[in-house]
Each structure stands twice: as structure tokens, then as C-alpha cells.
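Contents: one structure, followed by commentary.
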Amino acid sequence: MRRLIAAIDTPDAGKAAALVREVAPHCGLVKLGLEFFLRHGAPGYREVAQERPVFLDLKLHDIPNTVAGAVRSLLPLAPHMLTIHAAGGGAMVAAAVEAAGAAPHRPKILAVTVLTSLDARALHEIGVAGGTTQQVLRLARLALENGADGLICSPHEIARLRDAFGEKPLLVVPGIRPVGAALGDQARVMTPEEAVMAGADYIVVGRPVTGAPDPGAAAAGIAAAIRGLRG
């Protein structure tokens, strides 16, 4: 199992294609997000998807009918994983899961719990009491009870989620920074090795790979560091 997902978060199609070619041999998937997809849409997506399966990270969040329609619109692209916001509520999660089921190769629906840029103080600012971990567990339970295949969580919630929900949910973990890497806008981080040993199924790494002088070598180094961990 190749646990590394390289986040190709750039609106530049040429740069994205070059990055994917460099990192693809060392990754299980590549992640495309809003920056790329809003600029290049389906044609750009299809070009990247020739190299590696795609984790399409759009974090859909709207009324259930609209999210279901959005999922159906994305099915022809055959993403391997697709994100929604658990905060959209149980009905929205269930609608996304049902819509995904219309595809022969159904994408995994992953629910975002709390963004890795948010800490307890930031949650308090938007009216969420109880701290980060409690909010993550609350939203995780809601998403999984409504059919989500897995969760997007920070490294610091991995162990608590495994304790609460076992090995079944797929845990995809951003907020990964190798030793010595700049934190950027991430508030809750962990090294690749620490995250995998804590129970992450996949780790998502962006700038430490894509911003490196040699992205392929950076991806290879991370892949080697986590190879064989947790079997």
C-alpha cells in the first residue's frame, strides 16, 4: 500500500503536470484541490489522472440535494476519493454517499472533520465549544453513521478516532511536515512516520514535496521513511 498522497495545489496546469510526473512513482495517489479544479476543470483533471489515481479534494458543503448533484456531476471523472464537509450534516453526508453509489467504481466519500488550519482558539471564534478533539469526534460519528467511507483529520486526532471507531474508517491525514519543514498555515502537524504509526491510512503532503528543489526526491524520501510501517 502506497500511503503517500502528493497534494498538487497549484492553478498552473503545466507546473501541475510536471509535478505529477515527478512524484507519481512514489505516491499512491495525487490530490487535486480547488485551485487547480476551478481553473482547469475536467480537461485538466483528466490529463493529471493519466499518471495516478486522483484524490479530488473539493470539500463539498451545501444542501443535500445540491451536494448529491455535484457528486453525480463528478462521477464521469472517476475520482478515487472525494471530500465533503461533515459539518454539512447527516442528511448531506447520506445524500453524497447515495449519489456516489451510482458509479461502477464508486469513489470513496471522505468527510472533513476540522480543518488542520483550525485550533481550539479558532473554533471558539466561530462558536464551537469543547475544543478540537471533541468537535472532530462529534463530526466523525455523524459522518460515519451516515455512510462516509472515511475521514479527513489532523494527525493529532488519529489515535482518538481509532480508539472510537476502530480500523474500518479510512483515515486520510493532512498536516504532515517532515522534520525541519516549515509549518506554513498548518496548526496541528506531525511527521510522516509519526502519523502512519498512529494509524493513518494515507498521509497528504503538499509544500514539503511540491516546493522542494527536487520534488521527486522529496516524495521518494517520504515514501521510503514510511515504507513497511504498520505492515
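The values are calculated or read from the model by the stated rules, or taken from the named source; none is laboratory data. Here the structure is a predicted model, which is why all the values come from computation and not from measurement. Note that we place each Cβ from the backbone using ideal geometry, even for glycine, and neighbour counts take in every protein chain shown. Just so you know, the surface numbers come from the protein's heavy atoms only, side chains and all, with ligands and any DNA or RNA stripped out. Shrake-Rupley method; radii C 1.70, N 1.55, O 1.52, S 1.80 Å.
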Checklist entry - With respect to Gly175, is the statement that it is in contact (Cβ under 8 Å) with a residue 24 or more places away in the chain, among the small types (Gly, Ala, Ser) and surrounded by 20 or more Cβ atoms within 10 Å (Cβ to Cβ) true? => result yes
Checklist outcome for this item: The helices (runs of 4 or more DSSP H) lying entirely within the stretch 106-223 that contain at least 3 residues which are within 24 Å of Arg2 (Cα to Cα) are 158-165, 192-198, 207-210
Checklist entry - So which of Ala212, Ala159, Ala224 is modelled with pLDDT of 90 or more, open to solvent by less than 30 Å² (accessible area, probe 1.4 Å) and out of contact with any Cys (no Cβ under 9 Å at 6 or more places or on another chain)? => result Ala212
Next on the checklist: So for the stretch 26-38 (the condition being among the charged types (D, E, K, R) and at pLDDT below 90), does at least one residue qualify?
Outcome noted: yes
Checklist entry - Among Ala103, Ala96, which is the only one that is aliphatic (A, V, I, L, M) and closer than 15 Å to Leu151 by Cβ? => result Ala96
